Amino acid sequence: MSSEKLARSGTDSALRNFLESEAAGGILLMVAAALAMIVANSPLYDMYHHFLHEVKGPVLSEKLGPMTPHLWINDGLMAIFFLLVGLEIKREFVDGRLNTWERRRLPILAAAAGMVVPALIYLVIVRDLPALYNGWAIPAATDIAFAIGVLALLGSRAPTSLKLFLVTVAIVDDMGAVAIIALVYTAEINGAALLASAVILGIMYTMNKTGVRSLLAYLFFALLLWFAVLLSGVHATIAGVLAALAIPIVVTPGAPDAHDSPLHRLEHAIAPWSAFLIVPIFGFANAGVSLEGIGMEQIFAPLPLGIAAGLFLGKQIGIFASVWIAVKTGFAQRLGGATWLQVYGVAMLCGIGFTMSLFIGALAFPGEALLIEEAKIGVLGGSFLSAIVGFCILRFAPQPTDDDDEPTMAEPAKVA
């Protein structure tokens, strides 16, 4: 076998492992969300709600108050999820499918349009209610695990090019969501804690530049960074992304991940925990909505309607239109091995906001239990509608007659 074929084989194997992990995690997330809805609409609801909001720890931050299981999950466990997000972003930009501007153009354009259009639709629907404006970012996010889980149910009817496109758009989308959380949903800043965060982050970058490769050292400072960011007023999960960007990576384009690459080792170590434990726990803790007393009037209230319409209509319009325009104008090449109907189906699946949308919903309306519950209804409705319609489109879409593979170039290893 030639070196080029070996490189392609290694890349395909790594991609296949990643997609399989995300797919299984996405299916487990669906089960966790369904279980949360069942519990929330059963005699167990009081127990479920009491456990999540019972004080189970000290006051780490005056802003948050006493720690509860819900806070430990959203501010603690989810920091590990965001650490994985940061690792994936860095890997893709340095050593993956987004390592050149030519490859980045279409996903960045699609992700940007897929965030702007849902936000605009949301704002149009709630235009007469200024108190709801802060929720504009809720329908802007895409849940990669959930979406890949739906694609996994389709088997070979979902071409690899569509899976690659969905993954890259979702990764760029995650970058936008992280920026929104850091810049928009931060009310008060503790200057001393923010300075401490900058110092810790500076130490981690210095370690990277001076050749430190000990993962334990980076994880120690990542924990300190998490606590400093928690105290600063910026959402603590941002520490996960910042820490990830400081962890060294050994670049091996077109080949399997390097064994001596700290980033790859950490990513492989925490990915199963994130997919099979952290994200399902988050889904179970945040998706439980009691439907008692909820009728059509509540479902079609401005907040849930704006979120659901943003996810279901905004994502498909923004992403598909941007891809179609990019291809027709020559800005980017058409996805190989996929019909336009299949591209539309994947754009529809991007309307599954779930994890990130639920997360942003809790940040958008702090202390407003009723609005948070209404936001959950919108997220669940828009996400499940997008999942069902997207699945049906891809399930019954005619298969393309030919397949175009994107060539993979092998380059010498380097460290970043």
Selection from the stretch 361-375 of residues that are of a type outside the set (A, V, I, L, M) and surrounded by fewer than 24 Cβ atoms within 10 Å (Cβ to Cβ): PHE365, PRO366, GLY367, GLU368, GLU373
Matching residues, the stretch 203-214, being in a helix (DSSP H, G or I) and open to solvent by 30 Å² or more (accessible area, probe 1.4 Å): ILE203, TYR205, THR206, LYS209
Pair list, Cβ under 9 Å, 6 or more apart: the stretch 168-197 residue closer than 30 Å to LEU106 by Cα, other residue among the basic types (Lys, Arg) and open to solvent by 20 Å² or more (accessible area, probe 1.4 Å): THR168/ARG97; THR168/ARG103; THR168/ARG104; ILE171/ARG97; VAL172/ARG104
Any hit, the stretch 317-329, residues being open to solvent by 20 Å² or more (accessible area, probe 1.4 Å), within 30 Å of GLY240 (Cα to Cα) and in a helix (DSSP H, G or I): no
The stretch 265-308, subset among the small types (Gly, Ala, Ser) and assigned to a helix (DSSP H, G or I), residue farthest from THR142 (Cα to Cα): ALA269
Residue within the stretch 179-199 that is assigned to a helix (DSSP H, G or I), closer than 24 Å to THR100 by Cβ and open to solvent by 20 Å² or more (accessible area, probe 1.4 Å) present: yes
Total residues in the stretch 276-290, condition over 17 Å from SER42 (Cβ atoms) and modelled with pLDDT under 85: 1
Complete set of residues in the stretch 96-109 that are farther than 12 Å from VAL167 by Cα and in contact with a Ser or Thr (Cβ under 7 Å, 6 or more places away or on another chain): LEU109
Subset tally (residues that are in a helix (DSSP H, G or I) and over 15 Å from ILE80 (Cβ atoms)) for the stretch 225-240: 3
Close pairs from the stretch 379-400: first in contact (Cβ under 8 Å) with a residue 12 or more places away in the chain, partner charged (D, E, K, R), Cβ under 9 Å, at least 6 apart: GLY382/LYS315; SER383/ASP143; SER386/LYS315; LEU394/ARG157; ARG395/ARG157; ALA397/ARG157; GLN399/ARG157
Residues that are open to solvent by 10 Å² or more (accessible area, probe 1.4 Å), closer than 14 Å to ALA177 by Cβ and of a type outside the set (Gly, Ala, Ser), drawn from the stretch 110-142: MET115, VAL116, TRP136
Subset tally (residues that are at pLDDT 90 or above and not in a helix (DSSP H, G or I)) for the stretch 354-406: 1
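The values are calculated or read from the model by the stated rules, or taken from the named source; none is laboratory data. Note that the structure is a prediction, hence the values are computed from the model and not measured. Positions of Cβ are backbone-derived with ideal geometry, glycine not excepted, and every protein chain shown enters the neighbour counts. Surface areas here come from the heavy atoms of the whole protein model, side chains and all, with no ligands, DNA or RNA. Shrake-Rupley method; radii C 1.70, N 1.55, O 1.52, S 1.80 Å.
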